[in-house]
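Student: My structure is below; once you've seen it, I'll send some questions.
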Amino acid sequence: MTEERGIDVQGLVREFKGGVRAVDGIDLRVAAGEIYGFLGPNGAGKSTTVKVLTTLLPPTTGRATVAGYDVAKQGAKVRAAIGVALQDVALDPMLTGSEHMRLQGGLQGIPRAERGRRGDELLERVGLSDAADRKASTYSGGMKRRLDLALALLHKPRILFLDEPTTGLDVQSRTALWEEVARLAREEGTTVFLTTQYLEEADVLANRVGIIDRGTIVAEGTPAALKAQVAKPTVELVPRDGGECAAASAALAPFGEAVAPRTAGSIAVRLDSGADQLADIVRALDQANVAVMNLALHEPTLDDVFLAKTGRSLEGAAQEAPPEPAAERERALA
Amino acid sequence: MTALAHSALPSQVGLLAGRAIRRILRQPAQLVFPILFPLILLAVNTSGLDAATQLPGFPTASYLDFALAIPFMQGALFAALNGGQDLARDIQGGFLDRLAMTPMSGAALLAGQLGGALFMGVISAVLYLAVGVAFGAGIATGVAGALVLLALAIVISFAFACFGTFVALRAGTGEAVQGFFPLFFVLLFLSSAFFPRDLIEQDWFAIVATYNPVSYMVEGIRSLVIAGWDGQALAQAFGISAIAIVAFLALSARALRTRLVRT
Amino acid sequence: MSALGRTRSVALAVAWRSIHNAFTNPAFLLPSVLFPLFFFIAFAGGLSGVQNAPDFDYKSGYTSFQFAFVCIQAAAFGGVFTGFAIAADFEFGFARRLMLAAPNRGGIIIGYMISAMVRAIFVLGVVFLAGLVAGMRIDGSLGDLAALLVLALCVSAVATLWSAGIAMRLRTMQAGPAMQMPVFILLFLAPVYVPLNLVAGWVHDVARFNPATAFLEAARGFVSGEPTKVGITAICLVAMFALAALWARGGLRSAEQAG
C-alpha cells in the first residue's frame, strides 16, 4: 500500500447547536508534500475545519478523507497518520520538555529504546535541548510553540496540521518556525495544512492558499495566481493641500477605478493596466496642478484578494465576525 | 489498530498514572496542605471536644480515637478535589485534545487519573495512621485492624476520586470543580464524624447524619479504632464506597465519551 | 483639598467599589456568608450534646455559645476574603489603576477596610437572623450587643490589614492560603467548642495565651449579658491593630516598589 499523504474534502459542513454553521460547505484538496495555507479572519471557521479534519469533531454532513482515511469512520487510522499542533498550546505546565516527549512517545506506542533518542533529536531540532529538563511552565511563548510542534512530529506523521502556529509569537520565533515547517515539507515530504490570519505567513509559506470567510472558501490558488486575479497594482497618493482631493481624483479617474485607500485622507485608484502607467499619472497630476506630498504604488496583496472577494479587509473582518464557537463541547454537554 | 491499542493498555495506564503522580509531587502546596490541614484540625478537635468523652454513652474515653477517622475522610476529599482540578485543567488547556490525538484509550486516561488519586490516598492514609498512633491513638482491632483500616481508607479515597473525576469531566473547568468544595465540606460536617449519632441532640441534624453516606464511611473506620471487629459497620462502609465507585466510574466513562468525541 | 480630605475621598471611592462589587456579584459575597452560616449550623446543630459535659458552664445555651464564635469567625474571615479581593485586584492589574489614581495610597487600605466592615455587618446580620430562627437565647442587653458588634468590626479591621499586607507583598491570588491559614489556626487554637477550662492537652496551653481566646470569651460574655475579659480584649485589639497597620503599610511600600 502506498502511503497516502493527501487531504480531500467534499461539501464539508459543521453545524453547532443553535444552527450556527461554522463550516458551511467546504471543498478542498491538498496534494502530498504541499503546504496549504488556510487564510481567514478570526471566526471564519478555520479552527473548526481543523478539528473536523483531525477527528476531534465529527462533521455534520459532507465527506473528508485525510491520508486516505475517512475522518468520520476511520478516526484511529487518521490520527496515526497525522500530527497536530492546535491553536492553544496543549502542554502540561508541570512536566519538562523531555518528559513531554517520553509521555507522548509512550502513548504513540513508540518502542521504549527509540523514545528517548527520537525525543532528544526533535528537541534538538526545535532548539530546546538546553531547556529539555525545565518545566514547560517556565517556557516562553515561542518555546511552548516549538515544544508543541516537536510533540506533533514525534510519531513521524505524514500530514501535519498547524492551527495558527505563530499567533502571538515575536518576529524571530515566527521566522524560525516558518523555516522548520518549510524544511519538513521540502526534505521529508510532509504535507502541511496550516491555518493563519496573517497574510504574510500564507504568502511566504504556503504553496497554495484557500481563503475562508464565514464558513465558505471564497478563493483558492497559489498566492501569485490569487493576486493575479485581482491583480492590478494600486496607486495611492496624498495631495499637499487637502482641498485638492477632488482635482486629484479627477486627474486619476482615466487610469482606473477608485478604491478604498489604506490610509485616511489619501486617494487610491486600482490601475487598469500595470505599473508602467506611473509616468502618465505623474504627468496628469502635474497638468491638473495638484501638488503631491506622497505617492505610493502598492502591488496587490492577499488582503486585496480578500477585499475583492468579500468586500471587507482582512484586518477589519476579524472584529465583525462572530466569535468562533470555542466552547462547542461545553454547549454540547449543557 | 484496535488490537494494538488494547495490548498497549497497561503501558498507557502506567505512563498516565506516572504523569499524574509527578504532577502532584511537583506542586508541594497540593501535597502539603491536604495532608497537614486534617492533622491540625484533628489536634484542635481532640483538645476542644475531649470534654465530650465524659458524656454518658460516649463510646470511648479518648476523643483522639473517636476523631481519628476524620483525617482519612478529609484527605480523601482534598485528593479528589485536587485530582479533579488537575483533570479540568487538562481539559481547559487542550492537553486532553493532545492525548486524544494519540492511540490512547479512554480507559487508560481514567485509570491513569485515578492512579494519581490512589497514590495520594495511600500516602496520606499511612501518614494519618502513623501520626494518630504516635500521638497515642489505640487501634482496638490491632495490626490486622490497622491493615483493614488502611484498605478501607484507600477504597474511600478512591470513591471520592471517582466522584471528582466525574465532576471534572462533566463540568470541564477548574472553577466548577472548586465549586464542589463546599458540598464536600457539608457532607463531612453534617455527618456523625464529630459526634456520635445517638448523642446528637438536634433531631434534624441526627436525621441528616443518618441519611448522609459519609456517616457510614466514618463509622466503618471508627469501628476498627474504638470498638473492635464490627461486621455490619465494615460491610456498610465498604459497600457504600463500592457503590459510589461503580456509579461514578460508569458516569465518568460516559462523560469521557462525550468529552472525547473523536471519531 | 486637604491631605485628610484626599485620603478620605480615596478611601470612600475604594470602599464604594469593593462594596458595590461584593453586593452585585454574589460569587464574591457568598463565601463570606455561607462559611460562617455553615459553621454555625454544623457546630450548634451537631455538637450541642457537649454542653452536658460536667463543668460546661455557659448560661445562655450552646447555640448562643457558638453564635459568639461565629461572629468573631465571620468578622475575621470577612477580612481575609477582602484580602483575596485585593490580591485579585493586583493580579488583574486593577490595583495599578488605583495606585496611579490615588495621591494617598494609605486611603486605599482604609477603603478596603471599610468595605470589609460593611460586609461583616451584613454577614453578622444574616447569622443573627439564623440564630434567632434556631431559637438562640440572647441574655445580653442592647448595649452588650452593640459592644459585640464593635468587637467584631475591630477583628474584621485587623484581619483586613493582615491580609492586605500579604496581598500587597505577593500580589497574586495564590497568596490566599497564606492569608487564611494563620487566621484559621489562631481562631481554632482557642476555645471553639467548649469553655477554656474544658479544653485539653497542648491546645489548652496555647489557648491560654491566644488573644483569640479573649475575643471569644468577651463575645460570649456580651451574648449572655455577663461581660468578661473586656479590658484585655481591648488592649489586645489595639496592639494587634497597630502591628497589622504597620504590616499593611509595609505591604503598600512593597507594592509601590514593584510599580
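Each reported figure results from applying straightforward, stated rules to the coordinates on display, with no laboratory input. Treat the numbers as computed from the prediction; the structure is a model and nothing was measured. Neighbour counts are summed over all protein chains in view; Cβ atoms, including those assigned to glycine, are modelled from backbone coordinates with ideal geometry.
Student: Taking the beta-carbon count within 10 Å as an exposure proxy, list A:Glu188, A:Glu244 from fewest neighbours to most.
Tutor: Values: A:Glu188 13, A:Glu244 18.
Lowest to highest Cβ neighbour count: A:Glu188, A:Glu244.
Student: Taking θ = phi - 60°, what integer Hz values does the Karplus form 6.51 cos²θ - 1.76 cosθ + 1.60 yield along segment C:52-59, in sequence order, with x for Gly and Pro?
Tutor: After applying 6.51 cos²θ - 1.76 cosθ + 1.60, I find 7, 5, x, 6, 7, 10, 8, 6 Hz.
Student: What is the magnitude of the charge dipole of segment C:3-258 about its Cα centre, with +1 placed on the Cβ of each Lys and Arg, -1 on the Cβ of each Asp and Glu, and no other charges, expressed in debye to the nearest 20? The partial results should precede the final answer.
Tutor: On the way: 16 positive and 10 negative charges, 202 e Å.
Approximately 960 debye in magnitude.
Student: May I ask which residue of C:Leu124, C:Ala87, C:Leu142 lies farthest towards the positive end of the charge dipole of segment C:50-185, with charges of +1 (Lys, Arg) and -1 (Asp, Glu) on Cβ and the Cα centre as origin?
Tutor: Sorting the options by dipole projection puts first C:Ala87.
Student: Next up: How much of the pair distance distribution for segment A:38-118 lies past 16 Å, counting alpha-carbon pairs only, in percent? Walk me through the intermediate numbers first.
Tutor: Working: 2037 of 3240 pairs.
Looking at segment A:38-118, the distances longer than 16 Å represent 63 percent of pairs.
Student: Order of C:His20, A:His100, A:His298, A:His155 from fewest to most other C-beta atoms within 10 Å? List each step's numbers first, then the result.
Tutor: Details: C:His20 11, A:His100 27, A:His298 14, A:His155 21.
With the fewest neighbours first, C:His20, A:His100, A:His298, A:His155 line up as C:His20, A:His298, A:His155, A:His100.
Student: With only alpha-carbon atoms in the gyration tensor, what are the semi-axes of the equivalent ellipsoid for segment C:131-249, in Å, largest first? Don't skip to the end; give the middle numbers.
Tutor: Values: eigenvalues 143, 62, 42 Å².
Three semi-axes, in Å: 27, 18, 14.
Student: Which whole number of Å³ per residue matches the convex hull of the alpha-carbon atoms in segment A:1-141? Mind showing how you got there, number by number?
Tutor: Working: hull volume 21.5 nm³, N = 141.
Hull volume over Cα atoms, normalised by residue count, gives 152 Å³.
Student: Could you tell me the ratio Rg/Rh of chain B? Both radii from Cα atoms, Rh via Kirkwood. Walk me through the intermediate numbers first.
Tutor: Numbers: Rg = 19.4 Å, Rh = 19.2 Å.
Expressed as Rg/Rh, it is 1.01.
Student: May I ask which of A:Lys51/A:Lys135; A:Lys144/A:Lys227; A:Lys51/A:Lys73 have a Cα-Cα span longer than 24 Å here? Show your work: numbers first, answer last.
Tutor: Working: A:Lys51/A:Lys135 28 Å; A:Lys144/A:Lys227 34 Å; A:Lys51/A:Lys73 15 Å.
Cα-Cα > 24 Å for A:Lys51/A:Lys135; A:Lys144/A:Lys227; rest within.
Student: Once the other residues with Cβ under 11 Å from the Cβ of B:Asn82 are scored (Lys, Arg +1; Asp, Glu -1), what is the net sum? Numbers along the way, then the final one.
Tutor: Values: positive: B:Arg23, B:Arg89; negative: B:Asp86.
Taking every other residue near B:Asn82 into account, the sum is +1.
Student: Mind sorting A:Cys245, C:Cys71 by how few other Cβ atoms lie within 10 Å of their own Cβ, fewest first? Please report the intermediate quantities before stating the final value.
Tutor: Values: A:Cys245 16, C:Cys71 29.
Neighbour counts put them in this order, fewest first: A:Cys245, C:Cys71.
Student: While we're here: I need the semi-axes of the equivalent ellipsoid of segment B:4-141: take the C-alpha gyration tensor, multiply each eigenvalue by 5, square-root it, list largest first in whole angstrom. Intermediate results must be reported in sequence, preceding the final value.
Tutor: Values: eigenvalues 308, 43, 25 Å².
In descending order the semi-axes read 39, 15, 11 Å.
Student: Going 7 Å from the Cα of C:Val230 along its beta-carbon direction, which residues of segment C:67-83 have the amide nitrogen within less than 15 Å of the resulting point?
Tutor: Nothing falls inside the zone, counting backbone N under 15 Å.
Student: Where the eigenvalues come from the Cα gyration tensor of segment B:71-200, what are the semi-axes √(5λ) of the equivalent ellipsoid, largest first, in whole Å? Working shown, then result.
Tutor: Numbers: eigenvalues 201, 66, 22 Å².
Over the Cα atoms of segment B:71-200, the semi-axes work out to 32, 18, 10 Å.
Student: So what are the three principal axis dimensions of the protein assembly as shown from its Cα atoms, in whole Å, longest to shortest?
Tutor: So the extents along the principal axes, rounded to whole Å, are 109, 78, 48.
Student: Taking the Cα centre of segment A:128-247 as origin and charging only Cβ (+1 Lys, Arg; -1 Asp, Glu), how large is the dipole, in debye to the nearest 20?
Tutor: The calculation lands at about 380 debye.
Student: Running a GNM on chain A with Cα contacts under 10 Å, which residue among A:Pro41, A:Pro239, A:Pro157 ends up with the highest mean-square fluctuation?
Tutor: Taking springs between Cα atoms under 10 Å, the residue moving most is A:Pro239.
Student: Could you work out the local net charge near C:Arg253, counting Lys and Arg as +1, Asp and Glu as -1, over the other residues with Cβ closer than 11 Å to its Cβ?
Tutor: Details: positive: C:Arg105, C:Arg169, C:Arg249; negative: C:Glu256.
Residues near C:Arg253 contribute +2 overall.
Student: Let me ask another. Please give me the summed charge of the neighbours of C:Leu196: other residues whose Cβ is under 14 Å from its Cβ, Lys and Arg +1, Asp and Glu -1.
Tutor: -2
Student: So, one more: Considering the dipole of chain C built from charges on the beta carbon (Lys and Arg +1, Asp and Glu -1) around the Cα centre, which of C:Val158, C:Val199, C:Gly45 is farthest to its positive end?
Tutor: Selected residue: C:Val158.
Student: P(r) tail for segment C:88-180, what percent of Cα pairs lie past 17 Å?
Tutor: On the way: 2599 of 4278 pairs.
Percent of Cα pairs beyond 17 Å in segment C:88-180: 61.
Student: While we're on this one: Measuring from the lowest to the highest alpha carbon on each principal axis, how far does chain C reach, largest first, in angstroms?
Tutor: Its Cα atoms span 60, 36, 34 Å along the three principal axes.
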